[in-house]
Structure formats: C-alpha cells, structure tokens
Amino acid sequence: MTERSPVSPSFADGAAHIDGTYVPVAEARIPILDWGFLRSDATYDVAHVWEGRFFRLEDHLDRFERSMQRLHLTSPVERDAMRSILHRCVAMAGLTSAYVEMICTRGLPPPGSRDPRECRNAFFAFAIPFVWIASPEKQEQGLHLIVSDTQRIAPQAVDPTIKNYHWLDMVSGLYQAYERGGETCVLVDAAGNIVEGPGFNIFAARKGTLVTPDRGMLEGITRRTVIELAGESGLRVEQRPLPAGEARAAPELFLSSTAGGVIPVTRIDGRPVGDGAPGPTTRQLQALYWAAQSDPRFATPVDYHLAAAVSQG
C-alpha cells in the first residue's frame, strides 16, 4: 500500500473539489441556481477505495464519460485531471477506505436563459469515509428486503443506464419498506418484474445459476464484477426479466453495490429466503469480491503523496 501523508484535521471527514479548489467536505457548496440542483440535470459516478486501492476506477470513469456524452454534458475537466482530482480528494482526507464521487452538472445558464445549450457545465468531486448499505456485521444476518409496488421510472422516460439523481420513486419505495418492517426496497417495472433498488442491483441464485434483471436498471460496476467472478467460478448467469414471484421463491438472494459489495438478503416481504441465513453461493461470491479488491486487474493504488502536493501548492 502506498504510504500516506499527514492529514489536516479539517479534512478528516472528507475532501471535496469545488471550482478548482480543495475544501473540507463540510464546506463544499454548489450555486443554488445550478440546474443540477434545480432540475436534477446532472450525472455522477461513484467509485470506492478499499485498503488504499481504487477498485475499477477506469470502468467508473468510462461510464461517467458515456453518461455525460448521452446527456450532452461536457466536463470542464479532462479525464486525466479527473483521475488526479479523485486521488487527491482521497489523499487529502487520508482515507484508506472511501466512497468517491464525481459529478457533472448542467451548471449555470446566462441570466434569463432557459436553453440548456447555454449553460456552463460544472465538475465536482468528493471523497468521504466508506459508505455501507449494510455493514459487515449486518451482512452476517442479511437484510430484510421489501418488494415495493412503486414502479421504477420507465426507461423510455429516463435512461437508467445513465447514473442519475431521479430518486423520488426510490424514496417512496423506501418508506413503504420501513412501514412494512423492512430495511430496504426493490422496485418493479410495469410488468411486475424486479428492476433495482436504491443504490443496488439484485441477484437470485438457484442450483448453480444466477438470475439478474437485464433491463430497466443501472448496469452497476459491482454487478459486472459479480457476473465476471461467477463465470470464472463455473456459475451460470442469466440476464433476463426477474418476476417478483420468482425472487420471493429463490433459495438465495443478494444485492450488489459499490456501497458494500455482495450483500445477502435473508428475508423478503417478511418471509425467510431459503433457510433464513446467507447462502453458500452468496458467501462464495462475497469472498471472491473482496479478494478482487487487491487483484491487479482491478486495483489502482491511491497516490497519497498528492495530498502534500496540494497543501504546498
């Protein structure tokens, strides 16, 4: 692991890059008139750092650039500079495990304009301590998942493969889950097929086969990793519609997310999944996922010396 530089106490909770300046995350602000705030006209991506290494950073940058292109956004920061900024945010906060977000907003229009082409697009980034959907301790018993009757925004309206902040349907689903004694939710499409939850994809496992939805959801980097690791382990993966009834009857369910990796689900709609404990396929893929964090194919050491360069410059 790359040696870390001393960290200023003001950056202990995280660091952000705003308008070309690095600030403690608690001081980070965007203009109230930015259309990213007013209209949710933005895209973003989230990478993570584990034990001093970025995981699949280039894949996250690839997806971020594709999302910007499809939304007609142009970052004022080139890719090499983005990469450096992300490293510096982690380094300045001295984090060895971190949640690292990059954002491009439509930005500010000229006064009185309603034309998105006239906006000055903006780039922001921050790094904070690692964020969990379910902590390792919680994952020992697994999550209680509720299948919400809230429909995910149709892909014909908002392309779900572009990472976005359109989460009001997710929030509605979460409140349904809480009211029914659950911990998180998964949303469905108009046909009643499961699509995704707030910040995660879903897998069902049965007899050496994984099933995961193939449309209507963000194609997560962790999802991709699970599919690849499953294939290398001899597991079959079916990417197809996953009816809610099939998920409820599955002997194993798990979630995949940057915020926690492979996360067991042991109750669905108040009923046990399988025997009510994380299953063997889930445990196998959990172990493979965390082992992959140090795999040279995926891991990029954080350059902690960049913190000193910023403080001196």
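Key figures for this structure:
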{"quantity": "Expected 222 nm ellipticity per residue - DSSP helices of 4 or more, -39500 (n - 2.57), all of the chain, to 500", "calculated": "-8000 deg cm²/dmol"}
{"quantity": "Cleavage-rule hits (trypsin sites (Lys or Arg not before Pro)) in segment 42-149: DSSP loop, at most 10 neighbouring Cβ within 10 angstrom", "calculated": "Arg114"}
{"quantity": "19 Å reach of a label modelled at Ala26, 7 Å along Cα-to-Cβ, counting backbone N of segment 129-149", "calculated": "129-131"}
{"quantity": "Kirkwood hydrodynamic radius of the chain, Cα pairs, Å", "calculated": "20.4 Å"}
{"quantity": "J(HN,Hα) series, segment 106-111, from Karplus relation 6.51 cos²θ - 1.76 cosθ + 1.60, nearest Hz, glycine and proline x", "calculated": "4, x, 9, x, x, x"}
{"quantity": "Per DSSP, loop trypsin sites (Lys or Arg not before Pro) in segment 190-221 with at most 16 further Cβ within 10 Å", "calculated": "Lys207, Arg215"}
{"quantity": "Residue-by-residue Karplus 3J(HN,Hα) for segment 264-273, coefficients 6.51, -1.76, 1.60, Hz, glycine and proline x", "calculated": "x, 10, 10, 9, 9, 6, x, 10, x, 8"}
{"quantity": "The chain - percent relative contact order, Cα under 8 Å, separation 6 or more", "calculated": "21 percent"}
{"quantity": "Mean separation of Cα contacts under 8 Å (6+ apart) over length of segment 136-278, as relative contact order %", "calculated": "28 percent"}
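No lab work stands behind these numbers, since they all come straight from the coordinates. Everything numeric in this text was worked out from a predicted model, so none of it was measured. Neighbour counts are summed over all protein chains in view; Cβ atoms, including those assigned to glycine, are modelled from backbone coordinates with ideal geometry.
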